[in-house]
Each structure stands twice: as C-alpha cells, then as structure tokens.
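Colleague: Here's a structure for you.
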C-alpha cells in the first residue's frame, strides 16, 4: 500500500511538460531515491546519493536537471545558448541510456532542451558538429569529454551550471581518475553537482572531496537488493568445474529456467569457451563483452530484448582484474581484461525482463554480486539469482552472504535438488518431475566423458538429447 505521506511528482513543483512525460512513462509515484533527491536538487544543493541498482537513480538526477534548465530559460535573462549540464558515466552503454532517458523526459520540451551524447560514435568530427550547436546537456565518458575540452570543441568554463557523476563508484575503478582530475580543471569554480552511486567506497569519497561542496548525503535505508518476495537467491555447491558445466547443460537443455537469463563469467576467454560448449548441444547463446564494437554490443542487447536470444553470456569490466588507480587499464592477457575500458555489462545496461541471473563464476567481490543481481527483479518484476560455487570458494561466498544478511540471504541447494526450485522464473515444477529430470541429468553424466587437454576440457560423445554425434569438439576452461 502506498505511503499517504509520500511526496508525488505533482507536488514537486515540476514543469507541466515534465509531468506529462513522467505520466507517459507510466510512473505513478516516485521511487524512494527520486522522492528524496529531486526536492533537494531543486533547492540548489549538491547531492551524494546511494541507491541500489534499478531504483531509478537516472531519473532522480535527470528530472531536476531538466527542471532547473527549463526554469532558468523561462525566468532568467536572455543569454547565449551554451552547454549548462554535463553528465559523466563510466561506459558508452550508460551514456547512450542516460541520453535516452533524458530525451524521454524532455519529450514535450525538445525545442527548449537539446541533449548530445559524445560517446555514441568513434567519429570525433561528427561529434564536433553536434557540439557546435551547443546542446543544453552533454552526456559522455570522462575520456571523450576531456578530449573535446582539450580540442576546444567543448567549452564549459563560463557556462556549466550542473554536473552529474552517474555510477560514481565505477569511474575510478574503470581507470578514469586522471581524466576526471584533468577535466575538472576545465570547469568553472561554482556549479551544482550530483554524485549517484550504488555503493559508497573510497573512490566515491575521493570524488566527493574533488567535486562536491557541502553536499547533502542520501544514504537511503533500503536493502541493496530487492526483498525475498521479489528476488530469490540460491547457491549450488559444485564439487568440480565439470559439475558446473554438467549442471548448466541440464538446466538449459531440460528447460528448467524459464524466460530470459544472463550468465556471468569472470573472463573473456571463458565466455567464448562456454558458448562453444553449449553450441555442441544446440543451446543458442550469444556473448557480450568489452572487446566487441559498440554497435555490436548494442545490437546484441537489442536482439536479447526482442527475444532472439534467451541467454546471454556476459562479462563485466568491474571484475576483469583488480581496479587500477590513477591510470587507464591496459590490455592484459587474453581473457583477463577488456580491450575497451568504457564497456561494462554488470551494471547499467538496459536488459529487459531478465528472469534469472546465473553466476557461473562466483563474483570476486560482494559489490560485483550486487551489481550482477541488479540485472533482474527490476521495478516490480520478480527475479532469481543462482550462483554456482566450488568448495574452495565457500569462504568467499560467506563474505557475500554476510553482506546480504538481513536483506535477502542465499538459500543453499544441492545440485541433485536444484530442479525443485519453483517461482515464476522457473515455472511450477512438481517434485516427481524434478526427480525424473535429475535422474536424466545423472544419465547425461554417464553418456559423456570429460578429460583435460590443452586449453581445457573436451566433450566427445553423442548428444543424448538428439541421438546423433556431436559435430566438433567443445572446448571448456
């Protein structure tokens, strides 16, 4: 039941055109972060806000930025058109999505507010042409924005009024520390700033000291993940790497997971090997990582959202090696680092209606687990997280569980009973059916032989599901 004392959009003094856009988006009430942040931002205060992934942080800064710019144009003295709002994000995908959200909110005032994304293409010439028209808001990654500032195609020293750092806790860990410090030298001394983050860490504290002036800190008393009535979390202890592959094969081949799913691994090489393995059994998947060109990543996301694929194997840049302080990540060994430091998957990418997140590889940090889990159970939709864990990884999993204690703790499952798990994501599965399918999965184990060879394991029997030889070899890590 809605809180009768909660502040609605209509009570925030917003421009009618913004209210109409909000209504078109189907938002009847603001989320908690929006309810608290928007009024403070409209009062001219700097904000440091923490809210979990999927809680509406983008609109929490986009609405006041648009309102302040519209109010200035309507009531202030006539001034030359200039860039007055800057939104910095850690990845190109987030830049695209932030611009899209701002444009949707500005749908009824598009003549008054123009938005440009300077990370959309690799063509600097076309971006310079857009910047010559002096859009009101510029969105981009720190490196691309700094490049335009150094080329004087973007000038902010005399015009910038609003600065947003979205996903602030990732900006330093993505290697943008030096770019951010250089970029700040091109800004005026006085501006209003918002730092939006899913977590508060030492990087966010450093950014707070660099950017904010007497900020209001919003550390909302909400869990970092949805509650157990919305997000169900499970762990399955697998004795060996082979068991993980067998279990995943059984889950996907026997259709025990209903709807769309994201399958997370920790390295690029592992993602491609896992795809090759699943292809041997006619299980269609696609791989999404930072080595792919931006247009390819956007195309994959679009196809996934349209239902061409039900499963995406993903890596996230946050877990492709330890964060590097003060410098851009270089190209490391294959499978350990993304070639594009502005590309990430775990957080921010707009996947639609994800029913389940499968952590095939255990996330290296609790924060990485939270960001992966944040891809499902968004808004009011249900979701599930299933984590495969080896016995040697259980102490690390305990750290994650300790962080999640009191919020939405992981339930432990054995691989023999994983098919019994119900919920809307997997659909109703009767225990009798589950036991039969478990016996089928055990039969699959006898019909295959795995051995170590070269880069990993090789699968070589007949596919029991089709009764025909498997074409080619599936190489596993």
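Read-outs throughout are calculated quantities, based only on the coordinates presented, and are distinct from any laboratory measurement. Quick caveat: nothing in here was measured; it's all calculated off a predicted structure. For neighbour counting, all protein chains shown are included, and Cβ atoms are generated from backbone atoms with ideal geometry for every residue, glycine included.
Colleague: Could you list 286, 295 so that the one with the fewest beta carbons within 10 Å of its beta carbon is first and the one with the most is last?
Modeller: 295, 286
Colleague: What is region 7-144's relative contact order, in percent, from Cα pairs under 8 angstrom and six or more apart in sequence?
Modeller: Here the relative contact order equals 26 percent.
Colleague: Under a crude label model (7 Å from the Cα following the beta-carbon direction), how far is residue 184 from residue 217 in nanometres?
Modeller: 1.7
Colleague: How many nm separate the modelled label positions at residue 29 and residue 240, each set 7 Å beyond the Cα in the direction of the Cβ?
Modeller: With each label point 7 Å from Cα toward Cβ, the separation is 5.3 nm.
Colleague: Mind ranking 105-113, 268-276 by how tightly packed they are, going by the mean number of other C-beta atoms within 10 angstrom, highest first?
Modeller: 268-276, 105-113
Colleague: Find the Rg to Rh ratio for region 9-219, where Rh is the Kirkwood radius over alpha-carbon pairs and Rg uses the same atoms.
Modeller: 0.93
Colleague: Could you let me know the centre-to-centre spacing of region 74-134 and region 352-394, using Cα atoms, in angstrom?
Modeller: One Cα centre to the other: 33 Å.
Colleague: Let me ask another. Could you rank the peptides 32-41, 76-85 by their average count of other C-beta atoms within 10 Å per residue, with the highest value first?
Modeller: 32-41, 76-85
Colleague: Tell me the label-point distance for the pair residue 6, residue 210, using the 7 Å Cα-to-Cβ offset, in nm and rounded to one decimal.
Modeller: So the label points at residue 6 and residue 210 sit 3.6 nm apart.
Colleague: Please list 175-187, 58-70 highest first by mean number of surrounding beta-carbon atoms within 10 Å per residue.
Modeller: 58-70, 175-187
Colleague: Computed FRET efficiency, Cβ-Cβ of residue 79 and residue 128, R0 25 Å: what is it to the nearest 0.05?
Modeller: 0.65
Colleague: Please arrange 73, 92, 219, 253 by counting, for each residue, the other beta carbons lying within 10 Å of its beta carbon, fewest first.
Modeller: 219, 73, 253, 92
Colleague: Still on this structure, I have one more. FRET efficiency for residue 402 and residue 353, Cβ-Cβ distance as r, R0 = 45 Å, nearest 0.05?
Modeller: 0.90
Colleague: Here is a follow-up. Neighbouring Cβ atoms within 10 Å as the yardstick, rank 287, 155 fewest first.
Modeller: The fewest-first ordering by Cβ neighbours comes to 155, 287.
Colleague: Provide the gained length on full extension for the span residue 393 to residue 279, in nm with one decimal, where the gain is 0.36 nm per separating residue minus the Cα-Cα distance.
Modeller: Between residue 393 and residue 279, full extension yields 38.3 nm more.
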